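Taking it in order: structure first as structure tokens, then the write-up.
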Amino acid sequence: MAELVRGEASESDEEQDRHKIFAAEVSGEATEEEDEDIYEQPSTPSVTASIYRNNLLQCKLIESNIGICKALTALTRNFVVDASRQLLATDQMLIKSQVSLQSAHTALQQAQRNTSQLQARTASALTSSFLPTIQLKETASN
């Protein structure tokens, strides 16, 4: 029974006899103890053809991985750049709002001091007598 490799169609009966794909041929899949090294095996036409096809498959996989990596990097970069711009704009708006609030706070403190002074002066003015006390001398005419 032949093993099927996804994305690869068999072209002859010779290829159907292949039962192994060596993990050493695919980057990131090799383990040093379990996998056989294809470069130490004697070279036969079917093994050489298998290596060539797997290398083509590996090249296609690498190309696809590079394309996916570039697309993912571009997507991430665009997302981060857009988010950074929005955060920068928000940060600038918050700084402007903070400056405005600080100015308003200072103005309100000054208005409160002025109101306190005005209230004290008004209280002082209302409690003082404007007219001097007039004392009438009674005349002894009676």
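Please go through the stretch 101-131 and pick out each residue that is part of a helix (DSSP H, G or I) and more than 49 Å from the chain's Cα centre (by Cα).
Residues satisfying the conditions are S116, Q117, L118, Q119, A120, R121, T122, A123, S124, A125, L126, T127.
Failed condition for S97, given (1) small (G, A, S); (2) at pLDDT below 95; (3) surrounded by 10 or more Cβ atoms within 10 Å (Cβ to Cβ), with all others met?
With (1) small (G, A, S); (2) at pLDDT below 95; (3) surrounded by 10 or more Cβ atoms within 10 Å (Cβ to Cβ) applied to S97, the lone miss is (2).
Any residue that is modelled with pLDDT of 95 or more, of a type in the set (G, A, S), surrounded by 10 or more Cβ atoms within 10 Å (Cβ to Cβ) and assigned to a helix (DSSP H, G or I) - is there at least one of those in the stretch 48-60?
Scanning the stretch 48-60, I find no residue that is modelled with pLDDT of 95 or more, of a type in the set (G, A, S), surrounded by 10 or more Cβ atoms within 10 Å (Cβ to Cβ) and assigned to a helix (DSSP H, G or I), so the answer is no.
The values are calculated or read from the model by the stated rules, or taken from the named source; none is laboratory data. Being a predicted model, the structure only gives us computed values, none of them experimental. So basically every Cβ, Gly included, is an ideal-geometry build from the backbone, and we count neighbours across all protein chains shown.
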